[in-house]
Amino acid sequence: FKGGDTCEYLLSSGRFLGEKVWQPHSCMMHRYKNSEAKNCLVDKHIVFIGDSRIRQLFYSFIKLINPQVKEEGNKHGNIPFEDKSASIKVDFLWYPEVNGSMRQRIKSWTEGSVTKPHIIVAGAATWSIKIHNGSNEALTQYKINITSIAPLLEKLAKSSDVYWVLQDPVYEDLLSESRKMITNEKIDAYNEAAVRILNSSSRNSKAKVKVFSVSKLIAQETIMKSADGLHLPESSRDTNAMILMNVYCNKIMKPIDGSCCQPQPPLTIIQKFAFCFFTLSIIGYLIISLIHRNNFRKNKSCTDLESGEEKKPAISIPNVSTLEMLLHSFCKLGLIMTYFYLCDRANLFMKENKFYTHSSFFIPIIYVLVLGVFYTENTKETKVLNREQTDEWKGWMQLVILIYHISGASTFLPVYMHIRVLVAAYLFQTGYGHFSYFWVKGDFGVYRLCQVLFRLNFLVVVLCIVMDRPYQFYYFVPLVTVWFVIIYATLAVWPQIVQKKANGNCLWHFGLLLKLISLLTCIYFLSYSQGAFEKMFSFWPLSKCFELNGNVYEWWFRWKLDRYVVFHGMLFAFIYLALQKRQMIAEGKGDPLFSSRVSNVVLFISIVAFLTYSVWASSCKNKTECNELHPSVSVVQILAFILIRNIPGYVRSVYSSFFAWFGKISLELFICQYHIWLAADTKGILVLIPGYPMFNILVSTFIFVCVAHEISQITNDLAQIVVPKDNSTLLKRLLCMAGFFSGLLLFSAVQDQSRH
């Protein structure tokens, strides 16, 4: 379904999500702060001309610029407003009827020497109905007057943004006796006349007066809350003002979560090169496939005419070549990236704002947990944090995080704090897994380093190119990558201490502990020295990777939020492997981890610790204060979960294959959600099937999961080709990659220069 003209939708259609959140049809509306409003309207002159309803809209609009404004002044007179800091002028002109006086004022703006307002918002009708007691003659005169004004408004629309606000319905039961003649039937007749006359001219389709009809829809839902039956409640007026701000400012400010009225961004140089590369890959793969198909037909088995038996071909079908595998992977990736681009960069599919309710978060969580428990199987091994268990852990955490994102649950602080623990748990696994590998295997080779870096970063690098986003935008991958490099550097630097060496001499254990203490000291220093941290990552070309919106503050904030948890993972791995080596824990099938008494005590303490953290997180009142404590205390719930999951032998011996399947593609799921499940870079929701929210979620989720799984397969295939085990071949590939990234940096610099 094509998104169409989102400006037209914003001005004419939509629905309420809950009581106060307005959702335009097909696009997302940005909530403008007063600083953003000032930046957009700097040096602008805006005029509101009309009756008391337009005056209300005027006040709501200027409160977006200055929230301290009070509704004072002559109600039946002109009201000026000026913000000198941004040189913004907003005037309300009292013209309650569409008559000669209004026409004269509008005509004065069309004369050459007069400075025209940049935005004109006009509308009136209820006074005409009231003064003339709802007579048909008044309606006839209204039509004549608006017909005379229409050409002037169209002339102004060539250089200014002109909006005609249709009349809102009234709540007739609340109207005073002096307003009883203002009926919804009369209002509809006046609106119909205005729409017909303003849209009848086709002299210049580009210079069009925009009809602001969405206010009618908003009023239909909220007018019963009106104080007098005529004027809208404040929340509805504020919504109308925010819509006006979106219509004018979105094309100027280009907010990520404001897709309404935003034009499709032009293709960058890098995106054009990517398009050409994927196109050539698809053509190349098709050519090779056709050649192989022809060869296969020539060697196809034929029937022996004498015996009637089928003969086998003399030549067997050749194995798939490296080139064909490479082209096949890039062919699939090209088609997938086209889908990414169409979903989140082209104005092809609709996008909607998120709206949080408790049911939208907790009901899917219950569904997912029931499914996970249903698919329970025995593990191949019963060690603590075995492969099936860690995949399961990643899987259910990823599903919870996905539900958290699509439901907009970040607005609910207790849920936010628990999700922060899940993100910390991913990083804990990073510390645990990589430390365990290096400590046990002692493999610090370049092949291992490149394999991990490739698998972590391949998809993100492709998305940075195709979606024109900075590397830091996909914050979790830079975070995991940097921590992996830190773990590698900590253990690989002289003296290299591994389990085999430490078993021969216990002093090596103290050497490793000194390394870990040194790492902790560096983390502590950088977390309290923002200047030093930012200087470290502000040097080119590192700055290109870690800057977001021109600085590295966001990177420092993300790193600082979970700064200790990777260290905790490494320390846990060290202690666990030491206990395992000395056979101080029992990991047999069905056996408790410790003796029965110790297991019961530790299990009880773990459950209490787990619940205590949840109670603390649920009682959080201030996000900033809780974020300050989070790095130090998140490990409590993580360790408590590990012990609860592993102390009972039976629990340790089973796992959920459902969750484990998702765990194997958790990284791809986390990254892909940005563009093909959510929309507007995670700020909204992708709408493939409008009008059917549940069906839309089912379809988009199915495609999203399939794509994530396919990308995981592509990454694995390409990792074997791009990162070979042979050192000399690997060195050549690394030189090629260095050339590729140098070219990318060069084109990126040219691109930035052209933008400026």
**Request:** Give region 722-732 a look and list any residue that's in contact (Cβ under 8 Å) with a residue 60 or more places away in the chain and open to solvent by 40 Å² or more (accessible area, probe 1.4 Å), or say none.
**Result:** Lys725, Asn727
**Filtered residues of region 672-692 (kept if under 8 Å from the mean Cα position of the chain (by Cα) and at negative phi)** = Gln673, Tyr674, His675, Leu678, Ala679, Lys683, Gly684
**Request:** List every residue pair whose Cβ atoms sit under 7 Å apart, with the two residues 6 or more apart in sequence or on different chains, where the first one lies in region 704-721 and is in contact (Cβ under 8 Å) with a residue 60 or more places away in the chain and the second, anywhere, is loosely packed, with under 13 Cβ neighbours inside 10 Å and not small (Gly, Ala, Ser).
**Result:** Ile721/Thr322
**Request:** Tally the residues that are open to solvent by 30 Å² or more (accessible area, probe 1.4 Å) and not in a loop (DSSP other than H, G, I, E, B), restricting the search to region 369-390.
**Result:** 9
**Request:** Collect the residues in region 479-498 that are at pLDDT below 95 and open to solvent by 30 Å² or more (accessible area, probe 1.4 Å), keeping them in residue-number order.
**Result:** Val493, Trp494, Pro495, Gln496
**Complete:** Scanning region 44-63 residue by residue, the ones that are part of a helix (DSSP H, G or I), closer than 12 Å to Ala122 by Cα and not aromatic (Phe, Trp, Tyr) total 5
**Complete:** Considering residues that are more than 27 Å from the chain's Cα centre (by Cα) and among the small types (Gly, Ala, Ser), the number found within region 603-618 is 2
**Complete:** Counted residues in region 517-562 being part of a helix (DSSP H, G or I) and closer than 24 Å to His630 by Cα come to 26
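For (1) touching a helix residue (DSSP H, G or I) at 6+ places or on another chain (Cβ under 6 Å); (2) at pLDDT below 95, each residue gets a yes or a no:
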{"position": "Ser634", "(1), (2)": "yes, no"}
{"position": "Phe659", "(1), (2)": "yes, no"}
{"position": "Lys664", "(1), (2)": "yes, no"}
{"position": "Ala680", "(1), (2)": "no, yes"}
{"position": "Asn696", "(1), (2)": "no, yes"}
{"position": "His709", "(1), (2)": "no, no"}
{"position": "Ile714", "(1), (2)": "yes, no"}
**Fill in**
Considering region 17-72, residues that are among the small types (Gly, Ala, Ser) and open to solvent by 30 Å² or more (accessible area, probe 1.4 Å), and then whichever is modelled with the lowest pLDDT, we arrive at Gly18
**Fill in**
Within region 576-590, restricting to residues that are of a type in the set (A, V, I, L, M, F, W, C) and assigned to a helix (DSSP H, G or I), the one that is surrounded by the most Cβ atoms within 10 Å (Cβ to Cβ) is Leu577
**Complete:** Picked from region 93-144 (must be open to solvent by less than 30 Å² (accessible area, probe 1.4 Å) and of a type in the set (S, T, N, Q)), the residue nearest to Val214 (Cα to Cα) is Thr126
**Prompt:** Taking region 77-92 only, how many residues are open to solvent by 90 Å² or more (accessible area, probe 1.4 Å) and within 22 Å of Leu166 (Cβ to Cβ)?
**Reply:** 0
**Request:** Would you please name the residue that is nearest to His30 (Cα to Cα), looking only at residues in region 224-238 that are open to solvent by 10 Å² or more (accessible area, probe 1.4 Å) and in a helix (DSSP H, G or I)?
**Result:** Asp238
**Asked** What tally of residues in region 468-478 results from selecting those that are modelled with pLDDT of 95 or more and among the hydrophobic types (A, V, I, L, M, F, W, C)?
**Response** 2
**Message:** Among the residues that make up region 457-472, is at least one of them open to solvent by less than 20 Å² (accessible area, probe 1.4 Å) and among the hydroxyl-bearing types (Ser, Thr, Tyr)?
**Reply:** no
**Message:** For a quick check of your reading of the model, give me the residue pairs whose first member lies in region 624-648 and is closer than 15 Å to Phe557 by Cα, whose second is aromatic (Phe, Trp, Tyr), with beta-carbon atoms closer than 6 Å and at least 6 apart or on different chains.
**Reply:** Pro631/Tyr564
**Complete:** Taking region 591-616 and keeping only residues that are among the aliphatic types (A, V, I, L, M), crowded, with 16+ Cβ neighbours inside 10 Å and in contact with a Pro (Cβ under 9 Å, 6 or more places away or on another chain), one is left with Leu593, Leu603
**Message:** List the helices (runs of 4 or more DSSP H) inside region 648-725, counting only whole elements, that have at least 3 residues being of a type in the set (S, T, N, Q).
**Reply:** 693-722
**Request:** Please indicate, with yes or no, whether at least one residue in region 676-692 is of a type in the set (Asp, Glu) and under 28 Å from Ser26 (Cβ atoms).
**Result:** yes
**Message:** Looking at the structure I just gave you, is Asp443 assigned to a loop (DSSP other than H, G, I, E, B), of a type outside the set (Phe, Trp, Tyr) and assigned by the TED database to the domain that holds Asn627?
**Reply:** yes
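The values are calculated or read from the model by the stated rules, or taken from the named source; none is laboratory data. Every value quoted in this text rests on a predicted model; they were computed, and no experiment measured them. Please note: Cβ atoms are built from the backbone with ideal geometry, for glycine as well, and neighbour counts cover all protein chains shown. Accessible surface is based on the protein model in full, side chains and every heavy atom, while ligands, DNA and RNA are left aside. Shrake-Rupley method; radii C 1.70, N 1.55, O 1.52, S 1.80 Å.
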